[in-house]
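The values are calculated or read from the model by the stated rules, or taken from the named source; none is laboratory data. Model, not experiment: these values are computed from the prediction. We place every Cβ from the backbone using ideal geometry, glycine too, and count neighbours over all the protein chains shown. With ligands, DNA and RNA removed, areas are computed over all heavy atoms of the protein, side chains included. Shrake-Rupley method; radii C 1.70, N 1.55, O 1.52, S 1.80 Å.
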Amino acid sequence: MKFFIDTANLDQIKEAQELGVLDGVTTNPSLMAKEGITGKDNILKHYVDICNIVDGDVSAEVVATDFAGMVKEGEELAELHEQIVVKVPMIKDGVKALKYFSDNGIRTNCTLVFSAGQALLAAKAGATYVSPFLGRLDDISTDGLNLISEIRLIYDNYEFETQILAASIRHTMHVIDCAKIGADVMTGPLSSIEGLLKHPLTDIGLAQFLKDYAKGNS
Ligand code: E4P
């Protein structure tokens, strides 16, 4: 299972990278705005800065909503760095753009996916990644994990190569549940990755080991 961090914050990306388990980064226009990154030149530079910190894929989202605009923007993003994956929304022109990018060797992440039907379309169009937003479904009393299971079943039935990127992860249990289902990738905040570290018995056990060592070695 690949671990992506879902942020445009360079400090958090560095921290996750230093942990040694990071496989990539996902961003979106809201996350970029949160970091105060505005203006085309600054936005493009920020994507390159992220690519220079991590070894893996970096999703950069188009903001155009028509086919020609998405193609123009996506080609420009893909040119920035070999690690860039063009993030495309699940709308009609987005599906056409996914197919265009797939035919032209540009890797994509289909975003804002909330149903198995949308995920099937993304795979048919040749998306590299599909991003079902499980947290946002949970937020409206709908079982986000069930969607991940449905997509896993459909993709396995037909051996689609599109990778399931479980997005909108809110916490550590989401990560574990997605791993059980067989999501290929998860993207979440740094806290969802660091939460995996925690167990009180580890802390108690370590404190005891250090105490016992100190008895004979002080
Ligand atoms: C996915 O790539 C999105 O950037 C992200 O996971 C959305 O998460 P949110 O629902 O926490 O905004």
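Taking region 150-206, which residues are under 26 Å from Thr7 (Cβ atoms) and among the acidic types (Asp, Glu)? Passing the criteria: Asp177, Asp184, Glu194.
So, in region 36-73, of the ones that are more than 16 Å from the ligand (Cβ to nearest atom) and within 23 Å of Thr162 (Cβ to Cβ), which residue ends up most open to solvent (accessible area, probe 1.4 Å)? Checked region 36-73; the qualifying residue most open to solvent (accessible area, probe 1.4 Å) is Asp55.
A count restricted to region 1-35 and to residues that are in contact with a strand residue (DSSP E or B) (Cβ under 8 Å, 6 or more places away or on another chain), surrounded by 14 or more Cβ atoms within 10 Å (Cβ to Cβ) and farther than 20 Å from Val130 by Cα stands at 3. Could you grab the pairs with beta carbons closer than 7 Å, sequence gap of 6+ or different chains, first residue in region 135-150 and within 17 Å of Leu165 (Cβ to Cβ), second one assigned to a helix (DSSP H, G or I) and of a type in the set (Asp, Glu)? Sorted first by the residue in region 135-150, then by its partner, the pairs are Gly144/Asp138; Leu145/Asp177. State which residue is farthest from the ligand (Cβ to nearest atom) when the search covers only region 111-129 and only residues that are open to solvent by less than 20 Å² (accessible area, probe 1.4 Å) and touching a Lys or Arg at 6+ places or on another chain (Cβ under 6 Å). Only one residue tops the list, namely Ala125. Taking the conditions (1) within 15 Å of the ligand (Cβ to nearest atom); (2) in contact (Cβ under 8 Å) with a residue 40 or more places away in the chain; (3) under 16 Å from Pro189 (Cα atoms) in turn, Leu10 satisfies each one other than (1). Scanning region 81-93 for residues that are surrounded by 14 or more Cβ atoms within 10 Å (Cβ to Cβ) and either among the charged types (D, E, K, R) or within 24 Å of Glu18 (Cβ to Cβ) (or both) turns up His81, Gln83, Ile84, Val85, Lys87, Asp93. Note on region 183-197: among residues that are open to solvent by 40 Å² or more (accessible area, probe 1.4 Å) and more than 12 Å from the chain's Cα centre (by Cα), the one that is farthest from the ligand (Cβ to nearest atom) is Leu197.
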